[in-house]
Amino acid sequence: MSTFKNIFENYDWDTIQNKIYQTTETEVRNTLAKSKKNMDDFLVLISPAAKQFLEEMAQQSHVLTKKRFGKTIQMYAPMYLSNECQNICTYCGFSLDNKIKRKTLTNSEIELEVAELKKAGFDHVLLVTGEANYTVNINYFLTAVTQIKEHFSSISVEVQPLTEEEYQQLHEAGVHTVLVYQETYHREVYKEYHPKGKKSNFDFRLETPDRVGKAGIHKIGLGVLLGLEDWRTDSFFNALHLDYLQKTYWQSKYSVSFPRLRPAEGIIEPNFIMEDSELLQLICAYRLWNEDLEISISTRENEKFRDNIIPIGVTSMSAGSKTNPGGYAVDVESLEQFETSDERSAHEIASMISSKGYEPVWKDWDRSFSL
């Protein structure tokens, strides 16, 4: 059976990049006038030529988001279960070559973390680990999900790529969403960022969302690590991937995230700098292209940006995030995967959302809905 790889191989990075940077103002105007937009239109909207139309893009994005999602922002929190990892990734604090104290939470430690998140009001949790197949594997994930599923109405995971059968097991255990990031779609430099470990297999990672879709997971989240390569070209391929998945696995919902490279132990400096105005342009481009797409902003972003982006296109936000295993209660000093920027508490974020005239949503899904 064909996968996204078959689509991907029909595109050339340099060709797409040239088309993006050769886009004209006339093409942007024509695109903004369309009621429905396709992949060619998305390419136009992320171009440098579209930057001067940012105000109009933001206004259209606001209208579309309000029409489809209302004035609501879903709240969620990441819970890091382990920083053990067998990959060398030059941009990650958990990289195998970083000489750090490794930690994987036990059942009792998970209980303590859960208690802290529930105390803060969270009902949606994102489980995150490094990629260490011998310790944090499918058996560990299933045990953790079984342990915590009575405490949360929605469980998401961001872990190493798994097999279709393993995703089916997670689905049956109660996992609602799987997030998987290609990091960069630039095949030639991907190996430079991932020189060792299973993650160095570009194609296996590229085909992961296909396995997730075949397993019947309710929602699939994609994204690229902004800062590794040209954000415009990488984002085109990420949108192309989403376009394929929505048409192929139409029963699932889809989301996109925008992780910008943040400081962490032993990592490289960003290869490409993305300004706040450019991130805003990208968010608007996604919304104008696909009004059903869920858009998430994490605490990687600063307070000012997160406050101002609420009316424009975002549908979910993390809050009070800790990016180290046990960071909420068990081991607050363990090494974090990356530094957060917005360090306000969940209560403070919820109050800020309310002050904007929006409703912070702690629960909008329950497993009983799928029965």
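Observations on the model:
- Helices (runs of 4 or more DSSP H) fully within the stretch 1-63 counting 2 or more residues that are open to solvent by 30 Å² or more (accessible area, probe 1.4 Å): 4-8, 13-21, 25-32
- Flag not set for residue 117, criterion: in contact with a strand residue (DSSP E or B) (Cβ under 6 Å, 6 or more places away or on another chain), open to solvent by 10 Å² or more (accessible area, probe 1.4 Å), among the aliphatic types (A, V, I, L, M) and not in a loop (DSSP other than H, G, I, E, B).
- Residue-level check: of (1) among the small types (Gly, Ala, Ser); (2) in contact with a strand residue (DSSP E or B) (Cβ under 9 Å, 6 or more places away or on another chain); (3) assigned to a loop (DSSP other than H, G, I, E, B), residue 93 misses just (2).
- Of the candidates 151, 171, the single residue that is in contact with a helix residue (DSSP H, G or I) (Cβ under 6 Å, 6 or more places away or on another chain) and without any contact (Cβ under 8 Å) to a residue 60 or more places away in the chain is 151.
- Matching residues in the stretch 330-351 - criterion: being modelled with pLDDT of 90 or more and open to solvent by 20 Å² or more (accessible area, probe 1.4 Å): 344, 345, 347, 348, 351
- Residue count for the stretch 67-99 satisfying the condition of being of a type in the set (Gly, Ala, Ser), closer than 17 Å to residue 364 by Cα and surrounded by 23 or more Cβ atoms within 10 Å (Cβ to Cβ): 1.
- Residues in the stretch 174-208 that are assigned to a helix (DSSP H, G or I) and open to solvent by less than 10 Å² (accessible area, probe 1.4 Å): 190, 206, 208.
- Filtered residues of the stretch 25-42 (kept if more than 17 Å from residue 290 (Cα to Cα) and touching a helix residue (DSSP H, G or I) at 6+ places or on another chain (Cβ under 6 Å)): 25, 27
- So residue 219, is it surrounded by fewer than 20 Cβ atoms within 10 Å (Cβ to Cβ) and over 16 Å from the mean Cα position of the chain (by Cα): no
The values are calculated or read from the model by the stated rules, or taken from the named source; none is laboratory data. Given the structure is predicted, the values throughout are model-derived calculations rather than measurements. So basically every Cβ, Gly included, is an ideal-geometry build from the backbone, and we count neighbours across all protein chains shown. Side chains included, ligands, DNA and RNA excluded: accessible areas come from the protein's heavy atoms. Shrake-Rupley method; radii C 1.70, N 1.55, O 1.52, S 1.80 Å.
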